[in-house]
Amino acid sequence: MIKNSILKGVFLVGLGATSYGMLATFVKIAYGEGFTTPEVTIAQFTYGILGMLLINAFQKSKKGSEVVKASTKNITQLMLAGTSLGMTSVFYYLAVKYIPVSIAIVLLMQTVWMGVIFEMILEKKAPSTQKIISVLIVLAGTALATNLIESSVNLDWRGIVLGLLAATSFTTTMFTANRVATQISSAQRSLYMLLGGAVIVIGFAIATQTGPFNFDIFLKWGIVLALFGTIIPPLLFNAGFPLTGIGLGSIVSALELPVSVLMAYFLLSESVNTLQWFGIILIIIAIVIMNINFKKTL
C-alpha cells in the first residue's frame, strides 16, 4: 500500500515536471508567430487566475465549511511571495528570446546552488559536505551543458543574465511557497500567489509593450501556457510531494530539465551535442546526491 502511494506520488510529480519542461518551447513558438513577452505572460496569468478561481469554487462547493479561509495577512503575504513568481516568468521568457531553450533551462536549474546559499543565509548554517559536492557538480555540469568549453559558442550575454535572474527569483518562490500560509489549501495559495505575480506581469507589460496588444494570444497560446505553466504543475506537485517526500520529489522533478531540452530539440530543432547531454546528466546527478539520505541507505 505504501509503495503504491509512493509510485502514485512519483507519477504525479513527474507529470508536473514534464508540464513545466514543455513551457519554454511553447513560448518560443509563440514568439515565432510574432507575439511579445508581455502578451505571453498576461495571457498565461489571466487564464491561470481564472483556472484557480474555478478550482477554489469547486473545492468550496464540495467541502463547504471544511475549507480554511485565508486571512487578510495570509493574502498579503502570499501576494508578496507571488511577485517573485511573476518575475520568474518575465525573466525566463525574456531569456529564451536571446538564447536557446536548452540553455535557458540549464540556467534556470541553477536554483540548486542558489537554494543552498539562500538556506545558508536564512538559517545561518553552513552547508553540508553533501550539498557542497552537489553544487560543484552542478557548476561543472552547467559549464558543459551551456557549451562554455567550446570557443566557437557565442551566447548573448542578455540571455545569460536574464536566465540567472529567473533562477534567483524562482529560488525565492520555492522558499517562500514552502513557508507562507501553509495552513490554507494549495489552491488558495496558488491563486493569491498568481495574483501577486500578475501585478508584476501587468507592470512589465505597461512599461515595455510599445505597439497595440495582440489579443489573439488568448485564443492561440494563452490556455496552453496557463495549463502547462500555472495550473497543472502546482496541482500535481501539491498532490504528489506529500506522497513522495521532498527528497524523492525533488529528484523526480528534475525531469523538467531533459524534457525541456528534448522538446527544444524536436520542435525547435535546437542542436544539443554529446558534451551538453553529459552536462545535463551531471546536473540531474547533483540533484539526486543533494536529496538522498546516505545515512539511511547505508
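The values are calculated or read from the model by the stated rules, or taken from the named source; none is laboratory data. Treat the numbers as computed from the prediction; the structure is a model and nothing was measured. Positions of Cβ are generated from backbone atoms using ideal geometry, with glycine treated the same way; all protein chains shown enter the neighbour counts. Just the protein is used for accessible areas: all its heavy atoms, side chains included, with ligands, DNA and RNA removed. Shrake-Rupley method; radii C 1.70, N 1.55, O 1.52, S 1.80 Å.
Quick look at the values:
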{"item": "Options Phe45, Phe11, Phe58: the member that is closer than 20 Å to Gln188 by Cβ, among the aromatic types (Phe, Trp, Tyr) and modelled with pLDDT under 95", "result": "Phe58"}
{"item": "Which listed residue, of Ala104, Ala140, is modelled with pLDDT of 90 or more, within 17 Å of the chain's Cα centre (by Cα) and small (Gly, Ala, Ser)", "result": "Ala104"}
{"item": "Failed condition for Phe91, given (1) within 20 Å of Tyr192 (Cβ to Cβ); (2) at pLDDT 95 or above; (3) of a type outside the set (Asp, Glu)", "result": "(1)"}
{"item": "Top-ranked residue in the stretch 156-174 [being within 29 Å of Ala57 (Cβ to Cβ) and open to solvent by 20 Å² or more (accessible area, probe 1.4 Å); ranked as modelled with the lowest pLDDT]", "result": "Met174"}
{"item": "Selection from the stretch 175-192 of residues that are open to solvent by less than 30 Å² (accessible area, probe 1.4 Å) and within 18 Å of Phe118 (Cβ to Cβ)", "result": "Ala177, Val180"}
{"item": "So Val153, is it at pLDDT 85 or above and either more than 22 Å from the chain's Cα centre (by Cα) or in a helix (DSSP H, G or I) (or both)", "result": "no"}
{"item": "Glu66 being free of Cβ contacts under 8 Å to residues at least 40 places away in the same chain and open to solvent by 10 Å² or more (accessible area, probe 1.4 Å)", "result": "yes"}
{"item": "Pair list, Cβ < 9 Å and 6+ apart or interchain, from the stretch 31-42 residues that are touching a residue at least 12 places away in the same chain (Cβ under 8 Å) to residues that are of a type in the set (Lys, Arg)", "result": "Tyr31/Lys97; Glu33/Lys220; Phe35/Lys220; Thr37/Lys97"}
{"item": "Hits in the stretch 12-37 - residues which are of a type in the set (Phe, Trp, Tyr) and either within 18 Å of the chain's Cα centre (by Cα) or surrounded by 23 or more Cβ atoms within 10 Å (Cβ to Cβ) (or both)", "result": "Tyr20, Phe26"}
{"item": "Within the stretch 203-239, considering residues that are assigned to a helix (DSSP H, G or I) and more than 30 Å from Leu15 (Cβ to Cβ), the one most open to solvent (accessible area, probe 1.4 Å)", "result": "Ile206"}
{"item": "Residues within the stretch 264-276 that are touching a Leu at 6+ places or on another chain (Cβ under 9 Å) and open to solvent by less than 40 Å² (accessible area, probe 1.4 Å), tallied", "result": "2"}
{"item": "Among the residues listed as Phe58, Phe91, Phe11, Phe45, the single one being free of Cβ contacts under 8 Å to residues at least 24 places away in the same chain and assigned to a helix (DSSP H, G or I)", "result": "Phe58"}
{"item": "Single residue of Val272, Val259, Val224 found to be at pLDDT 90 or above and touching a Phe, Trp or Tyr at 6+ places or on another chain (Cβ under 7 Å)", "result": "Val224"}
{"item": "Qualifying residue in the stretch 21-40 (condition: more than 30 Å from Ile206 (Cβ to Cβ), at pLDDT below 95 and either aliphatic (A, V, I, L, M) or outside any helix (DSSP H, G or I) (or both))", "result": "no"}
